[in-house]
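Engineer: Mind having a look at this structure? Questions to follow.
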Amino acid sequence: MRIAIIGAGNVGAALGTGWTRAGHSVAFGARDPSAVKLKPLLDATGAVALASAEAVPGADIVVLALPWATAEEAVKGLGDLSGKIVIDCMNPLTMKDGRLDLDRGYTGSGAETLAGWLPGARVVKAMNQVGAEAMADASGFPSRPVMFVAGDDGEAKAAVRSLVEQLGFEALDAGPLRQARLLEPFAMVWIDQAIHRGLGRDWAFGILRR
């Protein structure tokens, strides 16, 4: 499968590393595809770097791994994504009263906002609920970490669940895209525990079954 990952920061790099390891063809969409800092990532994965708008047309899946503050401009510069599966890995983070928080409550979500920017795209929310460390390597846990997946298009959601499972996660269907209103605050639980409660970054949520 051909995957375009828009953003080559920690999350984008982790996902690209995992999916190239699984045998997929990855192109990173970057503002400056010739940047020296990208070379180690490209050498390690065998991926290529292109201008973001150039990475999208040939892709089966488009992954958005951008800082929320820059997302709208970057996404609207990608062109027409009608019919494409778009994985939204972003959380709509902002600073409130000196602390990291979401810029919206339970009456909307970043994923639904994104769908409004990309009419006709098949937007699926996933890979926003843990840190990049677990995305890069989900092995070593007593059981597979869980990743909830939400979207309105059943076929698109099934494709994304398969990709999530190839990274070593248990992919659970969270329902329609509006459930991102829960998954984005859920991500804030991970962020709070990792940053403010001393748990660190090398952990993930899991399901315990009796």
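The values are calculated or read from the model by the stated rules, or taken from the named source; none is laboratory data. Here the structure is a predicted model, which means the values were calculated and not measured. Reconstructed Cβ throughout: ideal geometry from the backbone, glycine too, with neighbour counts over all protein chains shown. For accessibility, only protein heavy atoms count, side chains too; no ligands or nucleic acids. Shrake-Rupley method; radii C 1.70, N 1.55, O 1.52, S 1.80 Å.
Engineer: Across the range 59-70, what is the total count of residues that are open to solvent by less than 40 Å² (accessible area, probe 1.4 Å) and part of a loop (DSSP other than H, G, I, E, B)?
Structural biologist: If we filter the range 59-70 for residues that are open to solvent by less than 40 Å² (accessible area, probe 1.4 Å), which is where we start, we get 59, 61-66, 68.
If we keep only those that are part of a loop (DSSP other than H, G, I, E, B) as well, we get 59, 65-66.
Looking only at that region, the number is 3.
Quick grid of which residues meet (1) part of a helix (DSSP H, G or I); (2) touching a residue at least 24 places away in the same chain (Cβ under 8 Å); (3) open to solvent by 10 Å² or more (accessible area, probe 1.4 Å):
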| residue | (1), (2), (3) |
| --- | --- |
| 129 | no, yes, no |
| 134 | yes, yes, no |
| 141 | no, yes, yes |
| 146 | no, yes, no |
| 150 | no, yes, no |
| 159 | yes, yes, yes |
| 164 | yes, yes, no |
| 171 | no, yes, no |
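Engineer: Evaluate the following for residue 21: is it at pLDDT below 95 and of a type in the set (D, E, K, R)?
Structural biologist: Values: at pLDDT below 95: no; of a type in the set (D, E, K, R): yes.
No, not satisfied.
Engineer: A further question on this structure: Across the range 71-111, which residue is surrounded by the fewest Cβ atoms within 10 Å (Cβ to Cβ) among those that are modelled with pLDDT under 95 and among the β-branched types (Val, Ile, Thr)?
Structural biologist: Across the range 71-111, the extreme among qualifying residues is 107.
Engineer: Could you check the range 1-23 and list, in sequence order, the residues that are open to solvent by less than 30 Å² (accessible area, probe 1.4 Å) and either in contact (Cβ under 8 Å) with a residue 40 or more places away in the chain or acidic (Asp, Glu) (or both)?
Structural biologist: 3, 4, 5, 6, 7, 12, 13, 14, 15, 18, 19
Engineer: Residue check, residue 28 against (1) surrounded by fewer than 16 Cβ atoms within 10 Å (Cβ to Cβ); (2) not in a loop (DSSP other than H, G, I, E, B), all met but one. Which one?
Structural biologist: (1)
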